[in-house]
1. Which one of E34, E98, E23, E78 is part of a strand (DSSP E or B) and surrounded by fewer than 19 Cβ atoms within 10 Å (Cβ to Cβ)?
2. Identify, please: which residue in the stretch 102-124 is farther than 17 Å from V176 by Cα and touching an Asp or Glu at 6+ places or on another chain (Cβ under 9 Å) and is, among those, modelled with the lowest pLDDT?
3. Run D161 past the list (1) buried (at least 21 other Cβ atoms within 10 Å of the Cβ); (2) free of Cβ contacts under 8 Å to residues at least 60 places away in the same chain; (3) closer than 14 Å to V117 by Cβ; (4) not aromatic (F, W, Y) and report the number of the one that doesn't hold.
4. State yes or no: is G181 surrounded by fewer than 17 Cβ atoms within 10 Å (Cβ to Cβ), at pLDDT 95 or above, of a type outside the set (V, I, T) and under 17 Å from the mean Cα position of the chain (by Cα)?
5. Look at D39 and say whether it is buried (at least 20 other Cβ atoms within 10 Å of the Cβ) and either in a loop (DSSP other than H, G, I, E, B) or at pLDDT 95 or above (or both).
6. Looking only at the stretch 42-74, how many residues end up being polar (S, T, N, Q) and not in a loop (DSSP other than H, G, I, E, B)?
7. Only one of these conditions is not met by S153: (1) within 28 Å of V281 (Cβ to Cβ); (2) in a loop (DSSP other than H, G, I, E, B). Which number is it?
8. Out of the residues in the stretch 117-138 that are of a type in the set (A, V, I, L, M, F, W, C) and in a strand (DSSP E or B), state the one that is farthest from N99 (Cα to Cα).
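The values are calculated or read from the model by the stated rules, or taken from the named source; none is laboratory data. Remember, it's a predicted structure, so these values are computed and weren't measured experimentally. Note that each Cβ is placed from the backbone with ideal geometry, even for glycine, and that neighbours are counted across all protein chains shown.
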Amino acid sequence: MSKKIFIIILNWNKGDLTIDCLESLYKMSYRDFEVILVDNGSVDDSVDRISAKYPALKIIKNSENLGFTGGNNLGMKEAMKHSPGYIMLLNNDTIVHENMLSELLKAIESNGEIGMVGPKIYYYGDNIIWSAGTWHDRLLHRFKLIGMGHKDSGQFSKKRDVDELTACAMLIRREVIEKVGYLNDDYFTIVEDSEYCLRVKRAGYRLIFVPKSILWHKVSSSSGGEDSPLNIYYSTRNVLYLVKKYYFISLPFILFKYYFKCFLFYLLGCKVKAKASLDAVLDFQRGKKGKSEKY
(Lines give C-alpha, C1' and ligand atoms only; values in the text may rest on other atoms or scores of the structure.)
Protein backbone atom coordinates (compact mmCIF):
# COMPACT_ATOMS: atom_id res chain seq x y z
CA MET A 1 0.00 0.00 0.00
CA SER A 2 1.16 3.52 -0.77
CA LYS A 3 2.49 5.53 2.17
CA LYS A 4 1.83 8.83 0.38
CA ILE A 5 0.04 11.21 2.72
CA PHE A 6 -2.21 14.04 1.59
CA ILE A 7 -2.58 16.86 4.13
CA ILE A 8 -5.78 18.91 3.88
CA ILE A 9 -5.61 22.49 5.19
CA LEU A 10 -8.41 25.07 5.14
CA ASN A 11 -7.80 28.79 4.76
CA TRP A 12 -10.34 31.54 5.38
CA ASN A 13 -8.89 35.05 5.47
CA LYS A 14 -5.92 33.88 7.54
CA GLY A 15 -2.97 33.96 5.17
CA ASP A 16 -0.35 34.60 7.83
CA LEU A 17 -1.49 31.61 9.89
CA THR A 18 -1.57 29.35 6.84
CA ILE A 19 1.91 30.39 5.68
CA ASP A 20 3.35 29.76 9.16
CA CYS A 21 1.72 26.31 9.19
CA LEU A 22 3.05 25.45 5.73
CA GLU A 23 6.56 26.57 6.66
CA SER A 24 6.57 24.15 9.60
CA LEU A 25 5.23 21.30 7.43
CA TYR A 26 7.98 21.63 4.87
CA LYS A 27 10.59 21.30 7.64
CA MET A 28 9.31 17.85 8.67
CA SER A 29 11.57 14.82 8.49
CA TYR A 30 8.96 12.74 6.61
CA ARG A 31 8.83 13.98 3.02
CA ASP A 32 6.37 11.73 1.17
CA PHE A 33 3.39 14.04 1.53
CA GLU A 34 1.44 16.55 -0.50
CA VAL A 35 -0.61 19.48 0.76
CA ILE A 36 -4.02 20.39 -0.65
CA LEU A 37 -5.08 23.85 0.48
CA VAL A 38 -8.80 24.59 0.34
CA ASP A 39 -9.67 28.27 0.46
CA ASN A 40 -13.14 28.76 1.89
CA GLY A 41 -14.14 31.93 0.04
CA SER A 42 -11.55 34.32 1.45
CA VAL A 43 -12.16 37.99 0.65
CA ASP A 44 -8.67 39.18 1.55
CA ASP A 45 -5.41 38.68 -0.36
CA SER A 46 -4.40 35.53 1.50
CA VAL A 47 -4.65 33.19 -1.52
CA ASP A 48 -2.45 35.48 -3.62
CA ARG A 49 0.16 35.67 -0.86
CA ILE A 50 0.15 31.92 -0.30
CA SER A 51 0.38 31.23 -4.05
CA ALA A 52 3.27 33.66 -4.40
CA LYS A 53 5.22 31.91 -1.65
CA TYR A 54 4.28 28.36 -2.71
CA PRO A 55 3.59 28.43 -6.46
CA ALA A 56 3.48 24.61 -6.75
CA LEU A 57 0.90 24.24 -3.98
CA LYS A 58 -2.43 22.67 -4.99
CA ILE A 59 -5.16 25.19 -4.08
CA ILE A 60 -8.90 24.62 -4.38
CA LYS A 61 -10.75 27.95 -4.36
CA ASN A 62 -14.33 28.02 -3.13
CA SER A 63 -16.56 30.96 -4.01
CA GLU A 64 -18.17 30.80 -0.55
CA ASN A 65 -17.42 29.50 2.93
CA LEU A 66 -18.42 25.83 2.94
CA GLY A 67 -17.48 25.42 6.59
CA PHE A 68 -15.03 23.01 8.15
CA THR A 69 -16.96 20.03 6.85
CA GLY A 70 -17.54 21.21 3.28
CA GLY A 71 -14.03 22.53 2.82
CA ASN A 72 -12.32 19.44 4.19
CA ASN A 73 -14.61 17.14 2.24
CA LEU A 74 -13.61 18.84 -1.02
CA GLY A 75 -9.95 18.39 -0.14
CA MET A 76 -10.41 14.77 0.92
CA LYS A 77 -12.29 13.91 -2.29
CA GLU A 78 -9.54 15.47 -4.37
CA ALA A 79 -6.90 13.50 -2.42
CA MET A 80 -8.81 10.23 -2.86
CA LYS A 81 -8.49 10.57 -6.65
CA HIS A 82 -4.75 9.91 -6.19
CA SER A 83 -5.08 6.67 -4.14
CA PRO A 84 -3.26 7.95 -1.05
CA GLY A 85 -2.13 5.74 1.78
CA TYR A 86 -3.45 8.21 4.33
CA ILE A 87 -5.17 11.58 4.56
CA MET A 88 -4.50 14.08 7.32
CA LEU A 89 -6.80 16.89 8.40
CA LEU A 90 -4.80 19.77 9.85
CA ASN A 91 -5.86 23.18 11.11
CA ASN A 92 -4.06 26.12 9.56
CA ASP A 93 -3.55 27.66 13.01
CA THR A 94 -0.99 25.02 13.97
CA ILE A 95 2.79 24.67 13.98
CA VAL A 96 4.09 21.11 13.67
CA HIS A 97 7.18 19.46 15.14
CA GLU A 98 9.59 18.03 12.57
CA ASN A 99 8.71 14.46 13.65
CA MET A 100 4.94 15.01 13.85
CA LEU A 101 4.07 13.06 10.71
CA SER A 102 6.70 10.32 11.00
CA GLU A 103 5.52 9.41 14.52
CA LEU A 104 1.87 9.31 13.44
CA LEU A 105 2.72 7.10 10.48
CA LYS A 106 4.76 4.74 12.66
CA ALA A 107 1.82 4.37 15.05
CA ILE A 108 -0.93 3.83 12.47
CA GLU A 109 1.15 1.26 10.55
CA SER A 110 1.81 -0.77 13.69
CA ASN A 111 -1.67 -2.37 13.65
CA GLY A 112 -4.25 -2.72 10.88
CA GLU A 113 -7.07 -2.21 13.41
CA ILE A 114 -5.98 1.39 13.95
CA GLY A 115 -8.11 3.66 11.78
CA MET A 116 -6.99 7.09 12.95
CA VAL A 117 -4.21 8.60 15.03
CA GLY A 118 -3.67 12.02 16.54
CA PRO A 119 -0.75 13.93 18.10
CA LYS A 120 -0.17 15.57 21.45
CA ILE A 121 -1.27 19.19 21.01
CA TYR A 122 0.07 22.09 23.04
CA TYR A 123 -1.12 25.66 23.29
CA TYR A 124 1.08 27.68 20.97
CA GLY A 125 4.35 28.85 22.47
CA ASP A 126 3.92 26.92 25.70
CA ASN A 127 4.32 23.56 27.43
CA ILE A 128 0.63 23.57 28.37
CA ILE A 129 -1.45 20.78 26.86
CA TRP A 130 -4.44 21.62 24.71
CA SER A 131 -5.30 18.01 23.82
CA ALA A 132 -4.01 14.52 24.54
CA GLY A 133 -7.03 12.91 22.91
CA THR A 134 -10.72 13.43 23.66
CA TRP A 135 -12.96 11.89 26.31
CA HIS A 136 -16.70 11.46 25.66
CA ASP A 137 -18.89 11.80 28.74
CA ARG A 138 -21.81 9.60 27.71
CA LEU A 139 -24.07 10.83 30.53
CA LEU A 140 -24.00 14.57 29.83
CA HIS A 141 -22.59 14.14 26.32
CA ARG A 142 -19.73 16.53 26.83
CA PHE A 143 -16.59 16.16 24.77
CA LYS A 144 -13.58 16.95 26.92
CA LEU A 145 -10.07 17.43 25.59
CA ILE A 146 -7.86 15.24 27.78
CA GLY A 147 -5.17 17.14 29.67
CA MET A 148 -6.43 20.55 28.58
CA GLY A 149 -4.76 23.34 30.56
CA HIS A 150 -2.27 21.07 32.34
CA LYS A 151 1.46 21.58 32.21
CA ASP A 152 3.12 18.61 30.54
CA SER A 153 5.17 16.79 33.16
CA GLY A 154 5.10 13.42 31.43
CA GLN A 155 1.64 12.35 32.58
CA PHE A 156 0.50 11.85 28.98
CA SER A 157 3.56 10.10 27.58
CA LYS A 158 2.01 6.72 26.69
CA LYS A 159 0.39 5.80 23.40
CA ARG A 160 -3.18 4.69 24.07
CA ASP A 161 -6.69 4.21 22.74
CA VAL A 162 -9.01 7.19 23.15
CA ASP A 163 -12.73 7.82 22.68
CA GLU A 164 -12.13 10.46 20.03
CA LEU A 165 -9.54 12.58 18.25
CA THR A 166 -9.82 16.23 17.36
CA ALA A 167 -9.94 17.19 13.68
CA CYS A 168 -7.45 19.92 14.51
CA ALA A 169 -4.95 17.21 13.55
CA MET A 170 -5.79 13.61 12.72
CA LEU A 171 -4.31 11.08 10.31
CA ILE A 172 -6.88 8.80 8.66
CA ARG A 173 -6.30 5.48 6.93
CA ARG A 174 -7.62 5.53 3.34
CA GLU A 175 -9.71 2.39 3.92
CA VAL A 176 -11.55 4.18 6.72
CA ILE A 177 -12.72 6.89 4.34
CA GLU A 178 -13.72 4.27 1.77
CA LYS A 179 -15.80 2.51 4.45
CA VAL A 180 -17.39 5.33 6.48
CA GLY A 181 -17.29 8.26 4.07
CA TYR A 182 -16.59 11.92 4.72
CA LEU A 183 -17.44 14.51 7.36
CA ASN A 184 -21.13 15.23 7.91
CA ASP A 185 -22.04 18.47 6.11
CA ASP A 186 -25.12 18.89 8.32
CA TYR A 187 -22.73 20.05 11.06
CA PHE A 188 -20.88 22.72 9.02
CA THR A 189 -18.32 23.18 11.82
CA ILE A 190 -17.67 21.95 15.38
CA VAL A 191 -18.59 18.49 16.77
CA GLU A 192 -18.16 17.10 13.22
CA ASP A 193 -15.01 15.33 14.42
CA SER A 194 -16.85 13.71 17.32
CA GLU A 195 -19.53 12.41 14.97
CA TYR A 196 -16.90 11.14 12.54
CA CYS A 197 -14.99 9.36 15.30
CA LEU A 198 -18.19 7.64 16.41
CA ARG A 199 -18.72 6.32 12.89
CA VAL A 200 -15.13 5.14 12.64
CA LYS A 201 -15.26 3.30 15.96
CA ARG A 202 -18.60 1.72 15.12
CA ALA A 203 -17.00 0.45 11.92
CA GLY A 204 -14.57 -1.48 14.12
CA TYR A 205 -11.47 0.72 14.05
CA ARG A 206 -9.33 1.96 16.93
CA LEU A 207 -8.40 5.60 17.58
CA ILE A 208 -4.93 6.15 19.02
CA PHE A 209 -3.29 9.11 20.77
CA VAL A 210 0.41 9.33 19.85
CA PRO A 211 2.37 11.40 22.41
CA LYS A 212 5.65 11.39 20.48
CA SER A 213 3.90 13.28 17.69
CA ILE A 214 3.69 16.96 18.64
CA LEU A 215 2.22 20.20 17.39
CA TRP A 216 1.23 23.61 18.75
CA HIS A 217 -2.22 25.14 18.30
CA LYS A 218 -3.19 28.80 18.13
CA VAL A 219 -6.68 27.74 19.30
CA SER A 220 -9.85 28.64 17.40
CA SER A 221 -8.32 31.46 15.42
CA SER A 222 -10.91 31.16 12.63
CA SER A 223 -13.99 31.05 14.86
CA GLY A 224 -13.21 33.89 17.26
CA GLY A 225 -12.25 31.82 20.29
CA GLU A 226 -13.67 28.94 22.28
CA ASP A 227 -16.35 31.07 24.00
CA SER A 228 -17.42 33.00 20.91
CA PRO A 229 -21.12 33.03 19.92
CA LEU A 230 -20.21 31.02 16.80
CA ASN A 231 -18.58 28.30 18.88
CA ILE A 232 -21.43 28.22 21.38
CA TYR A 233 -24.06 28.03 18.65
CA TYR A 234 -22.55 25.22 16.58
CA SER A 235 -21.31 23.16 19.52
CA THR A 236 -24.77 23.29 21.16
CA ARG A 237 -26.80 22.60 18.03
CA ASN A 238 -24.51 19.87 16.73
CA VAL A 239 -24.28 17.99 20.03
CA LEU A 240 -28.07 17.83 19.95
CA TYR A 241 -28.00 16.34 16.44
CA LEU A 242 -25.33 13.85 17.50
CA VAL A 243 -27.33 12.77 20.56
CA LYS A 244 -30.49 12.44 18.49
CA LYS A 245 -28.75 10.13 16.00
CA TYR A 246 -26.64 7.98 18.31
CA TYR A 247 -28.09 8.30 21.84
CA PHE A 248 -31.75 9.13 21.26
CA ILE A 249 -32.85 7.99 24.71
CA SER A 250 -30.75 10.80 26.23
CA LEU A 251 -32.21 13.56 24.06
CA PRO A 252 -34.89 14.91 26.45
CA PHE A 253 -32.34 15.26 29.25
CA ILE A 254 -29.78 16.97 26.99
CA LEU A 255 -32.43 19.38 25.69
CA PHE A 256 -33.34 20.27 29.27
CA LYS A 257 -29.64 20.76 30.07
CA TYR A 258 -29.20 23.25 27.26
CA TYR A 259 -32.37 25.19 28.06
CA PHE A 260 -31.15 25.45 31.65
CA LYS A 261 -27.74 26.62 30.40
CA CYS A 262 -29.46 29.40 28.41
CA PHE A 263 -31.26 30.47 31.57
CA LEU A 264 -27.99 30.53 33.55
CA PHE A 265 -26.26 32.62 30.89
CA TYR A 266 -29.14 35.11 31.08
CA LEU A 267 -29.05 35.28 34.89
CA LEU A 268 -25.29 35.90 34.80
CA GLY A 269 -25.76 38.78 32.37
CA CYS A 270 -24.14 36.92 29.45
CA LYS A 271 -26.85 37.91 26.99
CA VAL A 272 -24.81 37.23 23.84
CA LYS A 273 -23.99 33.72 25.03
CA ALA A 274 -27.59 33.16 26.11
CA LYS A 275 -28.84 34.18 22.66
CA ALA A 276 -26.35 31.92 20.86
CA SER A 277 -27.37 28.97 23.05
CA LEU A 278 -31.09 29.59 22.62
CA ASP A 279 -30.75 30.06 18.85
CA ALA A 280 -28.94 26.72 18.68
CA VAL A 281 -31.61 24.82 20.61
CA LEU A 282 -34.46 26.39 18.66
CA ASP A 283 -32.75 25.77 15.31
CA PHE A 284 -32.25 22.14 16.27
CA GLN A 285 -35.93 21.80 17.08
CA ARG A 286 -36.77 23.44 13.75
CA GLY A 287 -34.52 20.95 11.95
CA LYS A 288 -32.09 23.57 10.65
CA LYS A 289 -28.74 22.08 9.60
CA GLY A 290 -25.58 23.18 7.88
CA LYS A 291 -24.57 26.84 7.84
CA SER A 292 -26.58 29.18 10.03
CA GLU A 293 -27.67 32.51 8.58
CA LYS A 294 -26.90 34.14 11.92
CA TYR A 295 -23.48 32.73 12.80
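1. Only one candidate qualifies: E34.
2. Of everything passing the filter in the stretch 102-124, Y124 is modelled with the lowest pLDDT.
3. Single failed check for D161: (1).
4. Details: surrounded by fewer than 17 Cβ atoms within 10 Å (Cβ to Cβ): yes; at pLDDT 95 or above: yes; of a type outside the set (V, I, T): yes; under 17 Å from the mean Cα position of the chain (by Cα): yes.
So G181 passes the test.
5. Details: buried (at least 20 other Cβ atoms within 10 Å of the Cβ): yes; either in a loop (DSSP other than H, G, I, E, B) or at pLDDT 95 or above (or both): yes.
Yes.
6. Going through the stretch 42-74 one residue at a time, the tally reaches 6.
7. (1)
8. Initial filter on the stretch 117-138 (of a type in the set (A, V, I, L, M, F, W, C)): 117, 121, 128-130, 132, 135.
Okay, now just the ones that are also in a strand (DSSP E or B), so 117, 121, 128-130, 135.
Numbers: V117: 14, I121: 13, I128: 19, I129: 18, W130: 19, W135: 25 Å.
In this case the residue turns out to be W135.
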